[in-house]
Amino acid sequence: MKVIDVSLYGGKSIFGGRERPLEASVISCDKHESCSYYNNGQCLKIRSFLSSSCKYGDRTDIKGYTSRAKKYREFKQKWESHEQYNKLKYPPKKLGLIDGEVVFPYPYVKITKSEEGKWAVKEPGFGSSIAFIPIEEFDINLINQICGYKPNALMGGEIKSYQDETVPLFLSHLKEILPHLYEQVIKMNEDIVKNIDYKGREVLLASLKPCVVEYRSEKYPEFNEKWHWDGELLHFKEGYVDKPRVVQMDEVISFQIKPKKDAVIKITSNDQIDEDTVFVD
């Protein structure tokens, strides 16, 4: 199997406390070429807090040393110089497709197969909610179950965020990953897709049509920025920019940026989206 990612964990914590030995996590997989997560620079095998893993691939954790050990620097440099170092990230909760199997990882719901061979939706309990479903068995009936499900909280009462947030997010992922099934859903029930909201999702800037894009600070709105994307350059419109040091500044007349090819921005309006938009979350 090909090594697709190498990551380092451990070391000195930014919060203080005892230093942990470095540990190299090496992920190998022979399904990466047919994996929608890998195509987005992501992998379910990446170590992440409370994460679900993947049934494919293999992860080997190699214990290293603390900074006091003589071999610490050698161990660290060996893995940091690897061609696959930090190549992949752990994906968000998103529908995926791996080698002909649909990956369903959303919260508040679990999909299981009965002894009779039928897939059904139920509450996840305390176990992992991730499911791997053959694509030929991921049909309209199952999708309707997913969209119509209303999970209950442990203390009673419906978990409203599932219908309000998770189902619209699932449908937007379905449109990206399995568009033929999405089209079937629309034909059966056009109202089901009216609540899809792309605001807050991350996309490749280069895949957007010309439009206004924004940076919005969560805590400090005075740092917000607006730019016009023309398909190649970002043109400053309004907002905060750092002051140049050469002279005192009155106002910005013209300011352009050529972004990196893999630059990512957050969607602030559904009007920014078209059929060519490439999502990364």
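The values are calculated or read from the model by the stated rules, or taken from the named source; none is laboratory data. In this text the structure is predicted, and so the values were computed from the model without any measurement. Because the Cβ atoms are built from the backbone with ideal geometry, glycine has one as well, and the counts that use them run over all protein chains shown. Keep in mind that these areas ignore ligands, DNA and RNA; they rest on the heavy atoms of the full protein, side chains included. Shrake-Rupley method; radii C 1.70, N 1.55, O 1.52, S 1.80 Å.
The residues in segment 118-129 that are open to solvent by less than 40 Å² (accessible area, probe 1.4 Å) and either over 24 Å from D164 (Cβ atoms) or at pLDDT below 90 (or both) can be counted, and the count is 2. Taking (1) in contact (Cβ under 8 Å) with a residue 40 or more places away in the chain; (2) hydrophobic (A, V, I, L, M, F, W, C); (3) more than 15 Å from K55 (Cβ to Cβ) in turn, W119 satisfies each apart from (1). When E218, E225 are screened for being over 30 Å from I146 (Cβ atoms), out of contact with any Asp or Glu (no Cβ under 6 Å at 6 or more places or on another chain) and loosely packed, with under 14 Cβ neighbours inside 10 Å, only E218 passes.
Can you tell me which residue within segment 264-281, out of those that are closer than 23 Å to S217 by Cβ and exposed (fewer than 15 other Cβ atoms within 10 Å of the Cβ), is farthest from the chain's Cα centre (by Cα)? Per the stated criteria, the residue is D271.
Residue under question is D230, and the condition is that it be open to solvent by 50 Å² or more (accessible area, probe 1.4 Å) and touching a Lys or Arg at 6+ places or on another chain (Cβ under 8 Å); does it hold? Judged against the criteria, D230 is not a match. Among the residues of segment 93-121, the ones that are closer than 28 Å to R201 by Cβ and either out of contact with any strand residue (DSSP E or B) (no Cβ under 9 Å at 6 or more places or on another chain) or not β-branched (V, I, T) (or both) come to 15 in all. Of all residues in segment 262-280, those that are under 19 Å from H173 (Cβ atoms) have Cβ atoms under 6 Å from Cβ atoms of residues that are outside any strand (DSSP E or B) and open to solvent by 70 Å² or more (accessible area, probe 1.4 Å), 6 or more apart or on another chain, in I267/K199; D274/K209.
Among the numbered conditions (1) farther than 30 Å from E158 by Cα; (2) open to solvent by less than 60 Å² (accessible area, probe 1.4 Å); (3) modelled with pLDDT under 95, the only one that S114 does not meet is (1). Could you please let me know if P107 is touching a residue at least 12 places away in the same chain (Cβ under 8 Å) and under 19 Å from C147 (Cβ atoms)? Taking the combined requirement at face value, the residue satisfies it. Applying the condition of being among the small types (G, A, S) and open to solvent by 30 Å² or more (accessible area, probe 1.4 Å) to segment 40-86 and asking which residue is farthest from P179 (Cα to Cα) yields A69.
Being open to solvent by less than 70 Å² (accessible area, probe 1.4 Å), without any contact (Cβ under 8 Å) to a residue 24 or more places away in the chain and either within 23 Å of S36 (Cα to Cα) or touching a strand residue (DSSP E or B) at 6+ places or on another chain (Cβ under 9 Å) (or both) is a property that P179 has.
Residues are listed down the side, and each one gets a yes or a no for (1) aromatic (F, W, Y); (2) closer than 21 Å to Q77 by Cβ; (3) open to solvent by less than 30 Å² (accessible area, probe 1.4 Å); (4) in a strand (DSSP E or B):
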{"position": "D5", "(1), (2), (3), (4)": "no, yes, yes, yes"}
{"position": "Y9", "(1), (2), (3), (4)": "yes, yes, no, yes"}
{"position": "G17", "(1), (2), (3), (4)": "no, no, no, no"}
{"position": "P21", "(1), (2), (3), (4)": "no, yes, no, yes"}
{"position": "I27", "(1), (2), (3), (4)": "no, yes, yes, yes"}
{"position": "E33", "(1), (2), (3), (4)": "no, no, no, no"}
{"position": "Y38", "(1), (2), (3), (4)": "yes, no, no, no"}
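Scanning segment 150-176 for residues that are closer than 22 Å to E101 by Cα and either surrounded by fewer than 17 Cβ atoms within 10 Å (Cβ to Cβ) or in contact with a Phe, Trp or Tyr (Cβ under 9 Å, 6 or more places away or on another chain) (or both) yields T166, V167, L169, F170, L171, S172, H173, L174, K175, E176.
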